[in-house]
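Notes follow the structure.
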Amino acid sequence: MTEQAHNEYNAMDDDAFRVMVHEWIVENYPQELRFKPYRMHWDEIGDWYLTLSKKGWLTPAWPAEYGGMGLDANKLLIFMDVCESYGVGRTPDMGITMVGPLLIQHGSQEQKDHYLPRILAGEYIWCQGYSEPGAGSDLASLQTSAVRDGDDYVVNGHKIWTTLAMDANMIFLLVRTNKEGKKQEGITFLLAPLDTPGITVRPIINLGMHDEFAEVFFDDVRIPVANVVGGENKGWTIAKALLGHERIFIGSPKFAILAMARLKSLAKTVGLFDDPIFVERYTRLQLDIDDLFATYKRFVEVLKRGGTIGPEVSMLKIWNTETQQRLTELMMEAAGENGGIQDGIATDDGLVRPAGEVIGSRPSTIYGGSNEVQRNILAKAVLRLPG
Amino acid sequence: MEDISLQSRIDALTEEQVLIQDSAVAFIAQDEELKKTRASRFVQPGFDTEVWREMAELGWAGFLVPEAYDGIGLGFNELHTVLIQLGKGLVPAPFVATGVVAARALIDCDNESVKKEKLPALVVGGWKPALAWQEARGSLSVSAQQVTVSDGKINGVKLFVPDAGGADDFIVSAAGPNGTELYLVNREASGLSIDYEQRIDGGFYGTLNFQDVAIGERLAGADKAEVILARAIDEGCLAISAELLGVMTRALELTVDYLQQRVQFDKPIGSFQALQHKSVDLFIQSEISRSVVLQTAALFDGEPSDRERAVAASQVKARCADAALMITKASIQLHGGIGYTDEANIGLYLKKAMYLASWLGNATTHRKRYAELTL
């Protein structure tokens, strides 16, 4: 458990808290893992997960009574900001950001007692079984079936885009328990160990030539009814309700700011700041990021006041991800022929890889609800345009 | 008209901001059909003097003027709420040119006797100054070069003085022996002639020709004049941006309303995804603009350095100019044929955006200055 009484974090002066977090991270986060351009596997980042766990800093957003830091919105933002600024990589964090908060809200006492300490200890590492080949943007049309047989469900189906499934030993998934009526109302939320007989994991190589996600096949897999969270056919509601405070982080301008610094090094190296056409395009991007930052801070203020953020946060996702894509595209153009080679181009501040950046920025406009779906949401929920 | 901005969803206004905004909302509601806006187009002075008087009665003319000179001495955290409404209502009055740009120049100068006489008159709407600083198209340079002062006479040409036809006096920058100086020149001064350019929005720019015009009161010497001008123009950029935010916000409201009403192929056209996504992209631009306006207003009410103010002014003007043009042009497209008629009000928003986006530096000019200041 933590070394310090939890509420003391929130009582701390902001700057003192920032310094404390920063100093500890500098001391403990491995230098060679800073600013990794891909999602790391457990063999690289697992030790960091356990280091955070020992420190009691693995779950900054969880309430203190469940072993979290219990940070308020303001301190949580500082914590995340320090991590992003130092280039701390994401751990396989589905247990931390998804399952844990969901169990805290909707789990039974037995489920909380069993799962939460094991997430905190790094004993259970989770992956998410939501999407299917036929259910992407239209997630509610998912077909993986769970048929009741005694105290078990028998699960058959095919999940895809399961991030870091090969590192996980647990999966949480949405299954169809009712084929009648409204499709959202026949979905159940289940938990299962990945070594349950009948589950097969097959890695997928992405465009970055990295096996970041996988397919998971379910072939007559028996999952106990006791592993349902929130009740049969209630899965859609609880999975949707999870979209809380952390949605703000999809709008964080940190990645764009860092990518802009790489573009600047590149442009200096190849002498593009003498070209007024390039300077105009560069400045446009710089202002797109500055203005993103202003908008992000405006949303952050809502959280600091104790408010909640609704569907309007989709605009942050759209602007952030599309700005990053435009940025990588200018990087590639600035690099000339080097835009087409893997290793990129050497600059005074290190290697810049425009090709890798262009590829690496593709999925953010697809995952978490494609930007087209985000636009549908804004059109209906904010502009109130007819369906 | 339904407010679709994120203000009510995510912004926390102070009690004072709410009061001021409410009075501005009520003010523009008096001419919701834009009859006064239309009536003042294409005829001198290009705005409605009665509307200006009513605004002064509400105290707005003295918004930035310190209380010592009978003003209310507030800042942009409050004023931006008024400016947004003036943009929404296309209010035909030279508020930014008079109440912000010219007022700020006079407030910052150190000729106490002129300030004591003129600022209270400005506050009550009895006197309208205009700032004549610009000497070249597309320039943000506050260093006077072509307009000179020597032997007590001003000579040269000043460009793009908005609503000059309604101004009582001009605050004129001129190159003296030690650099730029500021003078107050009466519009009837001998040797001063004014040519007018018809603006697209129905107002006028004045071109001021000085031929041996005797100097009036000196407002600032070479030690201060350029600093005074820079601040006045940068605050003008923020004020224009807030007004542009109002222009784009109302244009989007009108357009979304139209998309909900207009039926084709047996459905409201707003149900078509192509138009929904287009509308959302416009909405995002308007809210990003709002974020930057809010941020810049807060910055200006602190104590920014001259450089910080200039960088922020260029940031906000670049965004709001581009966003307002993008939104108002797309609004014409989304209205279809009716949008191309003078009868439909949506076109008035495009024309106002075209004027405001290009006055005191368009987006490209401001990006260029931003790059010069930051790269």
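With respect to the conditions (1) within 14 Å of another protein chain (Cβ to nearest Cβ); (2) in a helix (DSSP H, G or I); (3) surrounded by fewer than 18 Cβ atoms within 10 Å (Cβ to Cβ), residue A:378 lacks only one, and its number is (3).
Within the stretch B:243-301, being acidic (Asp, Glu) and over 24 Å from residue B:353 (Cα atoms) holds for B:266, B:301.
Condition check ((1) modelled with pLDDT under 95; (2) closer than 26 Å to residue B:297 by Cβ) across all residues:
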| site | (1), (2) |
| --- | --- |
| A:285 | no, yes |
| A:323 | no, yes |
| A:342 | yes, no |
| A:367 | yes, no |
| A:372 | no, no |
| A:379 | no, no |
| A:384 | no, no |
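Quick check on the stretch A:349-369. Is at least one of its residues free of Cβ contacts under 8 Å to residues at least 24 places away in the same chain, closer than 25 Å to residue B:285 by Cα and more than 10 Å from chain B (Cβ to nearest Cβ)? Scanning the stretch A:349-369, I find at least one residue that is free of Cβ contacts under 8 Å to residues at least 24 places away in the same chain, closer than 25 Å to residue B:285 by Cα and more than 10 Å from chain B (Cβ to nearest Cβ), so the answer is yes.
Counting residues in the stretch B:334-342 that are within 14 Å of chain A (Cβ to nearest Cβ) and touching a helix residue (DSSP H, G or I) at 6+ places or on another chain (Cβ under 6 Å) gives one or more. When the residues of the stretch B:285-311 are filtered to those that are without any contact (Cβ under 8 Å) to a residue 24 or more places away in the chain and within 14 Å of chain A (Cβ to nearest Cβ), the one that is surrounded by the most Cβ atoms within 10 Å (Cβ to Cβ) is B:291. Exactly one residue out of A:238, A:277 is touching a Gly at 6+ places or on another chain (Cβ under 6 Å), among the aliphatic types (A, V, I, L, M) and assigned to a helix (DSSP H, G or I): that is A:238. Filtering the stretch A:277-285 for residues that are in contact (Cβ under 8 Å) with a residue 24 or more places away in the chain, within 10 Å of another protein chain (Cβ to nearest Cβ), closer than 30 Å to residue A:74 by Cβ and touching a helix residue (DSSP H, G or I) at 6+ places or on another chain (Cβ under 6 Å) leaves an empty set.
Name the strands (runs of 3 or more DSSP E) wholly within the stretch A:169-226 that hold at least 3 residues that are surrounded by fewer than 20 Cβ atoms within 10 Å (Cβ to Cβ)?
A:199-204, A:213-224
Applying the condition of being without any contact (Cβ under 8 Å) to a residue 24 or more places away in the chain, surrounded by fewer than 18 Cβ atoms within 10 Å (Cβ to Cβ) and part of a helix (DSSP H, G or I) to the stretch A:300-338 and asking which residue is farthest from the other protein chains (Cβ to nearest Cβ) yields A:337. Taking the criterion of being surrounded by 21 or more Cβ atoms within 10 Å (Cβ to Cβ), hydrophobic (A, V, I, L, M, F, W, C), at negative phi and touching a Pro at 6+ places or on another chain (Cβ under 8 Å), would at least one residue in the stretch A:127-142 satisfy it? Yes, because at least one residue in the stretch A:127-142 is surrounded by 21 or more Cβ atoms within 10 Å (Cβ to Cβ), hydrophobic (A, V, I, L, M, F, W, C), at negative phi and touching a Pro at 6+ places or on another chain (Cβ under 8 Å). Where helices (runs of 4 or more DSSP H) fall wholly inside the stretch B:1-74, the ranges with 2 or more residues that are touching a Gly at 6+ places or on another chain (Cβ under 6 Å) are B:49-57. Cβ-Cβ distances below 9 Å connect the following pairs, each with a first residue in the stretch B:1-13 that is at the interface with chain A (Cβ under 7 Å from one of its Cβ atoms), a second residue that is loosely packed, with under 15 Cβ neighbours inside 10 Å and part of a loop (DSSP other than H, G, I, E, B), and a separation of six or more residues or different chains: B:4/A:384; B:10/A:307; B:12/A:305; B:12/A:307. One residue alone among B:270, B:206, B:216, B:202 is over 27 Å from the mean Cα position of the chain (by Cα) and either modelled with pLDDT of 95 or more or assigned to a loop (DSSP other than H, G, I, E, B) (or both), and that residue is B:270. A count restricted to the stretch A:203-235 and to residues that are without any contact (Cβ under 8 Å) to a residue 40 or more places away in the chain and under 19 Å from residue A:133 (Cα atoms) stands at 2. Among the residues of the stretch A:38-93, the one identified as at pLDDT below 90 and among the aromatic types (Phe, Trp, Tyr) is A:38. Looking across the stretch B:186-245, the residues that are of a type in the set (D, E, K, R), crowded, with 18+ Cβ neighbours inside 10 Å and over 28 Å from residue B:110 (Cα atoms) come down to B:199, B:201, B:243.
With the checklist (1) assigned to a helix (DSSP H, G or I); (2) more than 28 Å from residue A:261 (Cβ to Cβ) in hand, flag the one item residue B:344 doesn't pass. Single failed check for residue B:344: (1).
The values are calculated or read from the model by the stated rules, or taken from the named source; none is laboratory data. All values derive from a computational prediction rather than experimental measurement. Ideal geometry is used to build each Cβ from the backbone, glycine not excepted, and the neighbour counts take in all protein chains shown.
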